[in-house]
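Structure first, then comments.
The values are calculated or read from the model by the stated rules, or taken from the named source; none is laboratory data. It should be emphasised that the depicted structure is a prediction, and the values quoted were computed from it without experimental measurement. Glycine also receives a Cβ, built like all others from the backbone with ideal geometry; neighbour counts cover every protein chain displayed.
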């Protein structure tokens, strides 16, 4: 890399600046390198999956755009992921949905097994990364009326209970293989477009279904169950069964991981404000870092105030050992590998910015009631030479510095992605 001397010189000056406010840059970088972001597979193919049933995306989900080069097979998706990971500093994870199994013919979701994900397990081991998992309660004929685990038909509920149970055993096998827990996240889109006459009964059915799914006691060193709330969705604008209050109570009473998605709340709410309070009552949190624009639209993560606030809350509260950071966005209007790269690099940048704060001093000033100095120091922090530290970190992790990663994406688009639009992959 041609700018090594300039990057090194800027980094040394940055170290001096941060030392002057009591921040150990090397310690911050060591902590940053230990944090694995769970990168979501579904950005690479617009949440289509590989079931090859012809079923279109539904159940409250929508992907907009038709940028060329979408991954059509598991091998293409893995190839794209490898390209994305090569542009992102650090060693990270992959978050996989159940509809991304490799199926030899049609396999319904209550029948999926570890064998359908062995290719992913083997690939992850070859890449030295770990997997997380999600049951897929959408884009299926038995989800077309907007209800799954809360469905009034016991047969449909049983089908989705079996799907959840199967996914737990798949996640456990993944965790056992990789030597650390596979986070298995349950998001259930159940709800009504218009106001229901009975809000309580569907929630009792959902709780009962979840209890049946979680009845098997699986090794927590292999897998951890997470439950994810939502305010509303497409087709469930008036009522979502699995609300924040529902899942908060469920996670507390069943000792489950609570998942907070940045787009799943009212536009005036922020998940950064929920981290410290929920961690008082649940063992761990899973975050789906996303960017809602007026609604839960799952835009590519940018360097917003909320993204920075999320990371500040994790670091200031010393919660890195209890918070799992995952991503959840899908944009088909731009190059999908660029979307992964932009969103993941921004998430890591925001975490680094939080690690470079003089946290102890800020909290001391607050405890002493010196709110003037607290505000002044927080504002001065915004002009500290964070960029020089970030560039150095990227270079030491052998990934492109600055905008150079986009050149790599364009080369890959020219040599690989552009050819996918010529002939459809065989299924």
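Quick one: how many residues across the stretch 176-192 are in contact with a strand residue (DSSP E or B) (Cβ under 7 Å, 6 or more places away or on another chain) and farther than 24 Å from residue 250 by Cα?
2
Give all pairs with beta carbons closer than 7 Å in which a residue from the stretch 364-376 that is under 19 Å from residue 317 (Cα atoms) meets a residue that is loosely packed, with under 13 Cβ neighbours inside 10 Å; count only pairs at least 6 apart in sequence or on separate chains.
Sorted first by the residue in the stretch 364-376, then by its partner, the pairs are 374/366.
Suppose the filter is assigned to a helix (DSSP H, G or I), touching a helix residue (DSSP H, G or I) at 6+ places or on another chain (Cβ under 9 Å), modelled with pLDDT of 95 or more and within 27 Å of residue 47 (Cβ to Cβ); does residue 372 pass it?
Criteria not met by residue 372.
Quick test for you: out of 55, 51, pick the one residue that is crowded, with 18+ Cβ neighbours inside 10 Å, out of contact with any strand residue (DSSP E or B) (no Cβ under 6 Å at 6 or more places or on another chain) and at pLDDT below 95.
51
Which condition does residue 67 not pass, out of (1) closer than 26 Å to residue 172 by Cβ; (2) part of a loop (DSSP other than H, G, I, E, B), if it passes all the others?
Looking at each condition in turn, residue 67 falls short on (1).
Using beta carbons and a limit of 7 Å, which pairs, at least six apart or on different chains, have the first residue in the stretch 110-122 and at positive phi and assigned to a helix (DSSP H, G or I) and the second one surrounded by 14 or more Cβ atoms within 10 Å (Cβ to Cβ) and modelled with pLDDT of 95 or more?
Close Cβ pairs satisfying both conditions: none exist.
Yes or no, residue by residue, for (1) crowded, with 20+ Cβ neighbours inside 10 Å; (2) within 30 Å of residue 393 (Cα to Cα); (3) in contact with a helix residue (DSSP H, G or I) (Cβ under 9 Å, 6 or more places away or on another chain):
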| position | (1), (2), (3) |
| --- | --- |
| 76 | no, yes, yes |
| 86 | no, yes, yes |
| 101 | yes, no, yes |
| 130 | yes, yes, yes |
| 135 | yes, no, yes |
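Mind listing whichever residues of the stretch 298-343 are without any contact (Cβ under 8 Å) to a residue 40 or more places away in the chain and in contact with a strand residue (DSSP E or B) (Cβ under 8 Å, 6 or more places away or on another chain)?
298, 299, 304
The conditions are (1) within 19 Å of residue 52 (Cβ to Cβ); (2) at pLDDT 95 or above; (3) part of a loop (DSSP other than H, G, I, E, B), and residue 91 fails exactly one of them. Which is it?
Checking residue 91 against (1) within 19 Å of residue 52 (Cβ to Cβ); (2) at pLDDT 95 or above; (3) part of a loop (DSSP other than H, G, I, E, B), the one that fails is (1).
Here is a check on your reading of the model: is residue 351 in contact with a strand residue (DSSP E or B) (Cβ under 9 Å, 6 or more places away or on another chain), part of a helix (DSSP H, G or I) and on the phi < 0 side of the Ramachandran plot?
Criteria met by residue 351.
Quickly run through the stretch 147-203 and pick out the residues that are crowded, with 22+ Cβ neighbours inside 10 Å and either modelled with pLDDT under 95 or in a loop (DSSP other than H, G, I, E, B) (or both).
Of everything in the stretch 147-203, those that are crowded, with 22+ Cβ neighbours inside 10 Å and either modelled with pLDDT under 95 or in a loop (DSSP other than H, G, I, E, B) (or both) turn out to be 147, 148, 149, 150, 151, 181, 188, 189, 190.
Return a yes/no flag: does the stretch 393-413 have any residue that is within 30 Å of residue 17 (Cα to Cα), more than 26 Å from the chain's Cα centre (by Cα), modelled with pLDDT of 95 or more and in a helix (DSSP H, G or I).
no
Anything in the stretch 328-348 that is touching a helix residue (DSSP H, G or I) at 6+ places or on another chain (Cβ under 7 Å) and either outside any helix (DSSP H, G or I) or modelled with pLDDT under 95 (or both)? List them, or say none.
Listed by number, the residues that qualify are 329, 330, 331, 335.
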